[in-house]
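Take a look at the structure set out below.
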Amino acid sequence: MCGAKIADLMTETAPTPEPSSWARTRAALSRRRAGTRFVLWFAIYAAVTSLTRATFPGDTRGYVLSILQFLRGEPHPLFLDFGHVLWRPTGWLVFKIIGSLTSRFVGPDLRTNVAACLSVLSWVAGLLALVLLNAALRLLCSREWPATLTTIGFLFSQSFLNFSQTGCSYITGLSLLLLGLFLLIFGINRSEGIWPISLAAGAALAGAVGFWFLYIFALPGALTLPFFLPGKITKKRAHLALWTTIFSGLFVALIYGAVIAHLELYRLRDVLTWVSGSSHGIENVRGLGRAVFGFCRSVINMGDDGLSFKRFVRRDPYNPVSVWQLPLLSFGKLLCFYFVIISMVVFGLREPRQRWTMLGLILGSAPILGFAIYWQGGDMERYLPMFPFLFLAVACFLCDCQLPPWSRLLAVILVMGLVLANGGVSLKWRSSSRKEYQLSRIAGVRPLLKAGSQIAVLDDEVSEIKSDPIHTTVEDEALPIYFVVASGSSKVLHWREDFASMACSAWDAAGDVWVSKRLLSPRPTADMFWVEGDDRRISWHDIYFFFSQMDMGVSVGGDDGFELVVPSSKNRDFMRHLAQGLGP
């Protein structure tokens, strides 16, 4: 097939021009239908996002804090972070433009306004992504219902529905990736004007990389897509792919070259340090098991059931989970998801009319899946760069009339499952019981906090309190929370020394150090997010042994509250020796 397609390069024929009057009428009708579809999808998107909320704000708080520091004239090393080099500057620009408008809705607080501006940017990008995907699907599908059903599935997919309502950069990058793909699909049907389309598509793809560098792994699939779409491989398609590749590479080089020059990173060592800083100390978080669960989780909401699967895989000795104790609903979701995906790939590759397109979409997804296995494959945003390929494959699969009806029914069931599962979990009126409980725990120690004090916890104990800047009060944002250790981070190697330095600083400032009673328990309870063996560099025994050596004072909050680490001479000497690297 490949040889036949390449041979077609020598037999390319020019399209037959349409009469000018009919062409103008058709163009007018097409624009009217496009406007109607845009209004329809806008109404659907606005309705869905008004009824749902983000269940995971991601790194929104970190983006907001760095933009705030920039606004105040304070240096912040992450403002031009390598991984999201365009996001914070764009957020700052949007705040300058619409900040006075958002203050009418969220109040005068600067932090809340910056968060609102980032959320507005993501929301608008989500709308554009939805419309662009539908437009691209309509160019590829000869029937209306596969494009509509697939677009609905995209809207209700876990990652898209969540991050389109946060202040993260992922959806903005996704919208630009989809714009580039749409332009490439649109360009192969044009008889002229390849240069402007290649220029625009290259700029869009480079912009996606600028907002989130991991979209770089989607570029090989995007740039080779013209060769895999239905139809002949013509010179026009080859030129379109070639010039788009050149322009996208040029724009990526300009974006990062300008930032490197601005940061005065003139040595390779400095550039590599800047690049490595985008990992934020996260390491040793990889593996096929994480990717298998993470890919499914990016599409279908799995709740907290990933904890049970992780304990089962790691054979957690503190909270063991047998195969019979795995959550049946989530296990069923996992099996159903991969059954549909594998069936779709197998039938698509067997069908001659779909084989070439399906192969291109699979190859486009391969670099993304490979990186997910290598690094943080459990994060649901990791698979957003392959969403265009995934949903294009679903639509092409549904468009094929030669497939057995039951195979298409599987894809329909999957889409309907997304609407029910993800939409139901994200409804706004579902109360956040976890956040309410975390606030009730903190309530006992809050009145006792002095200036300079710190509250030491595990990273999941207060995860809901400060993660969403828009819905976090000023008082909650000001809570002096200190995370003792985070699995998968380079800080695991020196968490004791870091805690000791924090305690000495707090005591020198006449403050107190409070620790969660969970850190004083001989074993982690089942409702905690601790998984023994998830990071083999640290065990629960290390944590319990460390804190059990300290002198404790006042206790508040009952069995799941906090205890005061008294600044006794024993504790001070213990912490001072650790902070100086001398050991206990």
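The values are calculated or read from the model by the stated rules, or taken from the named source; none is laboratory data. Because the structure is a prediction, the values reported are computed rather than measured. As a convention, Cβ positions derive from the backbone with ideal geometry for all residues, glycine included, and neighbour counts pool all protein chains shown.
Count of segment 553-568 residues, restricted to those that are buried (at least 17 other Cβ atoms within 10 Å of the Cβ) and part of a strand (DSSP E or B), is 5.
Considering every residue within segment 375-387, establish whether at least one is of a type in the set (A, V, I, L, M), assigned by TED's automatic domain parsing to the domain that holds Thr224 and over 22 Å from Phe156 (Cα atoms). No, the conditions are met nowhere in segment 375-387. Listed by position, the helices (runs of 4 or more DSSP H) inside segment 202-288 whose residues that are in the same structural domain as Arg382 (by TED's automatic domain parsing), modelled with pLDDT of 95 or more and hydroxyl-bearing (Ser, Thr, Tyr) number at least 2 are 235-262. Applying a threshold of 9 Å to beta carbon distances and a minimum spacing of six or more residues, or different chains, the list of pairs starting in segment 344-357 at a residue that is within 20 Å of Leu414 (Cα to Cα) and ending at one that is among the aromatic types (Phe, Trp, Tyr) reads Met344/Phe397; Val345/Phe397; Phe347/Phe397; Gly348/Phe397. Do the conditions hold for Val474, that is, is it surrounded by fewer than 16 Cβ atoms within 10 Å (Cβ to Cβ), within 23 Å of Ala116 (Cα to Cα) and of a type in the set (A, V, I, L, M, F, W, C)? The answer is yes for Val474. Given the criteria in contact (Cβ under 8 Å) with a residue 60 or more places away in the chain, of a type outside the set (Gly, Ala, Ser), surrounded by fewer than 16 Cβ atoms within 10 Å (Cβ to Cβ) and closer than 30 Å to Phe211 by Cα, does Leu369 qualify? Here the answer is no, as Leu369 does not meet what is asked.
Taken over segment 478-497, the criterion of being under 22 Å from Asp109 (Cα atoms) and either in contact with a helix residue (DSSP H, G or I) (Cβ under 7 Å, 6 or more places away or on another chain) or among the β-branched types (Val, Ile, Thr) (or both) is satisfied by Leu479, Ile481. The residue that is farthest from Met302 (Cα to Cα), among those in segment 56-106 that are aliphatic (A, V, I, L, M) and outside any helix (DSSP H, G or I), is Leu80. Of the candidates Asp535, Asp560, Asp512, Asp498, the single residue that is in the same structural domain as Ile442 (by TED's automatic domain parsing), free of Cβ contacts under 8 Å to residues at least 40 places away in the same chain and among the charged types (D, E, K, R) is Asp498.
Flag: Pro108 does not match the condition of being in the same structural domain as Ile44 (by TED's automatic domain parsing), of a type outside the set (A, V, I, L, M), closer than 28 Å to Pro388 by Cβ and without any contact (Cβ under 8 Å) to a residue 24 or more places away in the chain. Residues in segment 353-391 that are more than 23 Å from Asn422 (Cβ to Cβ) and of a type in the set (A, V, I, L, M): Met358, Leu359, Ile362, Leu363, Ala366, Ile373.
For segment 208-265, residues that are on the phi > 0 side of the Ramachandran plot and either buried (at least 23 other Cβ atoms within 10 Å of the Cβ) or in contact (Cβ under 8 Å) with a residue 12 or more places away in the chain (or both) total 1.
Considering only residues in segment 183-201 that are in a helix (DSSP H, G or I) and surrounded by fewer than 23 Cβ atoms within 10 Å (Cβ to Cβ), the one that is modelled with the lowest pLDDT turns out to be Ile194.
Taking segment 465-496 as the range and being β-branched (Val, Ile, Thr) and assigned to a loop (DSSP other than H, G, I, E, B) as the test, the residues that pass are Ile465, Thr472, Thr473, Val484, Val485. Can you tell me which residue is nearest to the chain's Cα centre (by Cα) among those in segment 447-464 that are crowded, with 20+ Cβ neighbours inside 10 Å, in a loop (DSSP other than H, G, I, E, B) and among the aliphatic types (A, V, I, L, M)? For segment 447-464, the residue satisfying everything is Val462. Met302 meets the conditions (1) farther than 29 Å from Ala54 by Cα; (2) assigned to a loop (DSSP other than H, G, I, E, B) in every case but one. The failed one is (1).
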